[in-house]
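Asks: Before anything else, here's the structure in question.
Just so you know, all these numbers are worked out from the coordinates, no wet-lab data involved. In this text the structure is predicted, and so the values were computed from the model without any measurement. As a convention, Cβ positions derive from the backbone with ideal geometry for all residues, glycine included, and neighbour counts pool all protein chains shown.
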Amino acid sequence: MLSSGGAVQRPIPGWTVSASILGAIEVLGRALAVELAPIRVNVVRPGLVRTELWREFPAQVRDELFRTHGGALI
């Protein structure tokens, strides 16, 4: 199983490399599914998860981000 993220659909400024890597992971997953059939290959996009990734954001911004986007579908 591979994992991706929301930046693949909606990149934000400064996330060019991350969005590109996530896009590559999703394409890799599709290609592996074809190549390895009938073995299943999954790419999971878990959404917004409270991790150390967000540590650089000020606490107030972080809290607002999770409050407004935590349950939203991207």
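Asks: Nearest 10 degrees, 0 to 90: what angle lies between the long axis of helix 16-36 and the longest principal axis of the chain (Cα atoms)?
Replies: Result, in degrees: 30.
Asks: Out of these labelled values of Rg/Rh (Cα atoms, Kirkwood Rh), (i) 1.06; (ii) 1.08; (iii) 1.11, which was calculated from the coordinates shown here?
Replies: The value computed from this structure is option (i).
Asks: Positive end of the charge dipole of the stretch 5-74 (Lys, Arg +1 and Asp, Glu -1 on Cβ, about the Cα centre): tell me which of Ile39, Gly5, Gln60 has its Cα farthest that way.
Replies: Ile39
Asks: Take Arg55 and Ile25, extend 7 Å from each Cα along the Cα→Cβ direction, and tell me the distance between the two endpoints in nm.
Replies: 1.9
Asks: Relative to the longest principal axis of the chain, what angle (0 to 90°, nearest 10) does the C-alpha long axis of helix 59-69 take?
Replies: Once rounded, the angle reads 50 degrees.
Asks: Simple spin-label model, 7 Å along Cα-to-Cβ: Ser3 to Leu32 in nm?
Replies: Going from the Ser3 label point to the Leu32 one covers 1.4 nm.
Asks: In terms of modelled amide H atoms, which long-range or inter-chain residues lie less than 5 Å from the amide H of Leu2?
Replies: For Leu2, the qualifying residues are Asn42, Val43, Val44.
Asks: Which FRET efficiency, nearest 0.05, do His69 and Arg40 yield, Cβ-Cβ r, R0 25 Å?
Replies: 0.25
Asks: While we're here: Return a whole-number percent for the relative contact order of the chain, with Cα pairs under 8 Å and 6 or more residues apart as the contact set. Could the numbers behind the result be given before it?
Replies: Details: 62 pairs, mean separation 26.2, N = 74.
About 35 percent, as a whole number.
Asks: Using each residue's phi in the stretch 39-55, evaluate 6.51 cos²θ - 1.76 cosθ + 1.60 at θ = phi - 60° and report the 3J(HN,Hα) Karplus result to the nearest Hz, with x for Gly and Pro.
Replies: Listing the rounded values in order: 5, 7, 10, 10, 10, 9, 10, x, x, 6, 10, 6, 9, 5, 3, 8, 4 Hz.
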